[in-house]
C-alpha cells in the first residue's frame, strides 16, 4: 500500500513518538522511510550569529541520525535529509521530492492565541498535503494504559 512514508522530526519527544510509529508502519509495509528535519529560516535571522545557525543545522542532523539508527535497528530502509526553510513549506516540498505516499508526524505545536495567530506546522501541512497525513497525539512512548493488561490478558504489569 505504501512505498515511501515520510516523517519530519525535530528531536522533541512527541516527534520521536511519531517517528517510532512511522518506523513500525514502514517495516510492516516493507517500505522506505524518508526522514527530514527542517532548519527554520525564520529562526536564522540576520541578528543571529553564524555559529548558532551552524548549531541548528548540526542539531537537525543529529535528530535525523537518531531516527535513522532506530529504523536501521528495525530493518527499515531509511533516507535522511536536512533542509532549510519554513517548516510546513519545506515538509510539503519534501513530500514531492521523495515521492512520499504517507506523512507521519506529531500534533505537538503552539497552543492558545499563539496557535490561532500562527497556526501549527502540522495543521499547515495537513490542509494542503496531496497525500494522507497520519497525525500522532504526541503521547509518551512510556505511557502504559493501566487497563491494557486486563484487556489483553498479559501478566506483565
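The values are calculated or read from the model by the stated rules, or taken from the named source; none is laboratory data. Predicted, not measured: the structure shown is a model, and the values here were computed from it. With ideal geometry, Cβ positions are generated from the backbone for all residues, glycine too; neighbour counts draw on all protein chains shown.
For the range 19-56, the tally of residues that are modelled with pLDDT under 95 and surrounded by 15 or more Cβ atoms within 10 Å (Cβ to Cβ) stands at 7.
Take the range 89-115 and flag every residue that is assigned to a helix (DSSP H, G or I) and modelled with pLDDT of 95 or more. Steps first, answer last, please.
Here is the first cut: in the range 89-115, the residues assigned to a helix (DSSP H, G or I) are 89-98, 112-115.
Selection gives 89, 90, 91, 92, 93, 94, 95, 96, 97, 98.
Condition check for residue 71 on (1) more than 12 Å from the chain's Cα centre (by Cα); (2) at pLDDT below 90: one failure, at (2). Look at (1) surrounded by 11 or more Cβ atoms within 10 Å (Cβ to Cβ); (2) modelled with pLDDT of 90 or more and you find that residue 128 fails only one, number (1).
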